[in-house]
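Reviewing the structure listed below.
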Amino acid sequence: MNARVYSIKDPIARAEAGRVILSGGLVAFATETVYGLGGDATNETAVAKIFAYKARPLYNPLISHVHDVRSAFAIGQATSAALAMADVFWPGPLTLVMKLMDGFPLACLTSANMSTVAIRIPGDPTTRALLSEIGRPVAAPSANRSGRLSPTTADHVVAEDFDGLKIILDGGCCAIGVESTVLDVSGAIPRLLRPGAITQEQIEAVVGPIELTNNNVGLLSPGMLASHYAPIASLRLNATELWDGEVGLDFAGQLGLAVDLSALGDLLEAASNLFAYLHALDSPGIKTIAVAPIPRTGVGIAINDRLQRAAA
Ligand code: AMP
Ligand code: MG
């Protein structure tokens, strides 16, 4: 059965979605990063459904979404770095990994049985209105089957055709378009677990030098799998020309193609178009998508990170 799509701006639809989540069901909803597949993060069965819908490995923990800072620090233990980061970047595309507050009834599956929890306050006010109505943390990974392209429109979620998903809250195209920056602030020195729209430079301006993560720290952030975010077609990165039989994805006119992540070379625009353009190019019969080089600065780091995992 197809899910019904409602505007996330519609308070009646949000109320209905909230009831579904509070009774243990799942709802897909827009955020400013990508569309999430949300369920009650304190309900073991609801969280199990998220893993089942996505066919996501159980060792890959989920981000819990809340509407305000007070709720966030009722779940995660605040360190000085956590407070400083929250102050500057929340609400927004930043996930903080903290030690789980003693006694908070988070479902074990949400955190993959770890003693830490990943928390985000989404930037979009209508997403926060939904979360505020629910009043519990909502575990919400991207609303796609594990390992595939992330959804940045309601249509992308519809196309996943999740069996049993009844409601999709449509907020249009995601303004940011890549998943949140994930920063572990549970230890003495903050560690970047996933690059995103909030960059290393922006973080270090707030908390000083941080540690970076290479791809070998599977245990620190189980979700940083080498292969992820993949289209069906294969990807050829840093292409300086199109080869026979390829379709191309350009940046700043380098390949002279019509499909350009940002003709003006704006990395923020490129990030917001990334998954939508990959979805559009990833059609039956297309074997390879050649992608022009993207500068490794600012959000370009996150774009290259996603492209590398998609190509792996
Ligand atoms: P996703 O839900 O697909 O956006 O992925 C969430 C990301 O946050 C993954 O990379 C997870 O591994 C990471 N994550 C979530 N919870 C934790 C945690 N407690 N410790 C470390 N990383 C986490
Ligand atoms: Mg995902």
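The values are calculated or read from the model by the stated rules, or taken from the named source; none is laboratory data. Computed from a prediction, not measured in an experiment: that's the story for all the values here. Neighbour counts are summed over all protein chains in view; Cβ atoms, including those assigned to glycine, are modelled from backbone coordinates with ideal geometry. Heads up: the accessible areas ignore ligands, DNA and RNA and are worked out on the full protein's heavy atoms, side chains in. Shrake-Rupley method; radii C 1.70, N 1.55, O 1.52, S 1.80 Å.
Being under 18 Å from the mean Cα position of the chain (by Cα) and of a type in the set (G, A, S) holds for only one residue in S132, S150, and it is S150.
Kindly indicate whether N215 is at pLDDT 95 or above and either within 16 Å of ligand 2 (Cβ to nearest atom) or assigned to a loop (DSSP other than H, G, I, E, B) (or both). Spelling it out, it is not the case that N215 is at pLDDT 95 or above and either within 16 Å of ligand 2 (Cβ to nearest atom) or assigned to a loop (DSSP other than H, G, I, E, B) (or both). Filtering segment 79-108 to residues that are touching a helix residue (DSSP H, G or I) at 6+ places or on another chain (Cβ under 9 Å), open to solvent by less than 40 Å² (accessible area, probe 1.4 Å) and part of a loop (DSSP other than H, G, I, E, B) leaves W90, L106, A107. Take the conditions over 16 Å from the mean Cα position of the chain (by Cα), open to solvent by less than 50 Å² (accessible area, probe 1.4 Å) and away from ligand 2 (no atom under 16 Å from the Cβ) and apply them to T199. Does it pass? So T199 does not fit the description; no.
Anything in segment 130-148 that is aliphatic (A, V, I, L, M) and either under 22 Å from L100 (Cα atoms) or open to solvent by 10 Å² or more (accessible area, probe 1.4 Å) (or both)? List them, or say none. L131, I134, V138, A139, A140 - these are the residues of segment 130-148 that are aliphatic (A, V, I, L, M) and either under 22 Å from L100 (Cα atoms) or open to solvent by 10 Å² or more (accessible area, probe 1.4 Å) (or both). Could you say whether any residue in segment 12-29 is closer than 20 Å to V97 by Cβ and within 16 Å of ligand 1 (Cβ to nearest atom)? Scanning segment 12-29, I find no residue that is closer than 20 Å to V97 by Cβ and within 16 Å of ligand 1 (Cβ to nearest atom), so the answer is no.
Here is a yes/no grid of residues against (1) part of a strand (DSSP E or B); (2) among the β-branched types (V, I, T); (3) open to solvent by 30 Å² or more (accessible area, probe 1.4 Å); (4) closer than 30 Å to I303 by Cα:
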site	(1), (2), (3), (4)
K9	no, no, yes, yes
G18	no, no, no, no
G24	no, no, no, no
L37	yes, no, no, yes
T45	no, yes, yes, no
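Taking segment 59-78 as the region of interest, how many residues are at pLDDT 95 or above, over 12 Å from V185 (Cα atoms) and either surrounded by fewer than 20 Cβ atoms within 10 Å (Cβ to Cβ) or of a type in the set (F, W, Y) (or both)? Residues in segment 59-78 being at pLDDT 95 or above, over 12 Å from V185 (Cα atoms) and either surrounded by fewer than 20 Cβ atoms within 10 Å (Cβ to Cβ) or of a type in the set (F, W, Y) (or both): 6 in total. Within segment 134-164, the residues that satisfy the criterion of being away from ligand 2 (no atom under 16 Å from the Cβ), in a loop (DSSP other than H, G, I, E, B) and on the phi < 0 side of the Ramachandran plot are R136, P137, D163.
Under the condition of being farther than 14 Å from A72 by Cβ, more than 15 Å from the chain's Cα centre (by Cα), away from ligand 2 (no atom under 16 Å from the Cβ) and open to solvent by 10 Å² or more (accessible area, probe 1.4 Å), the residues counted in segment 110-129 number 6.
In the set A197, A175, which member is touching a residue at least 60 places away in the same chain (Cβ under 8 Å), within 14 Å of ligand 1 (Cβ to nearest atom) and touching a helix residue (DSSP H, G or I) at 6+ places or on another chain (Cβ under 8 Å)? Walk me through how you get there before you give the answer.
Values: A175 fails: within 14 Å of ligand 1 (Cβ to nearest atom).
Every option except A197 fails the conditions.
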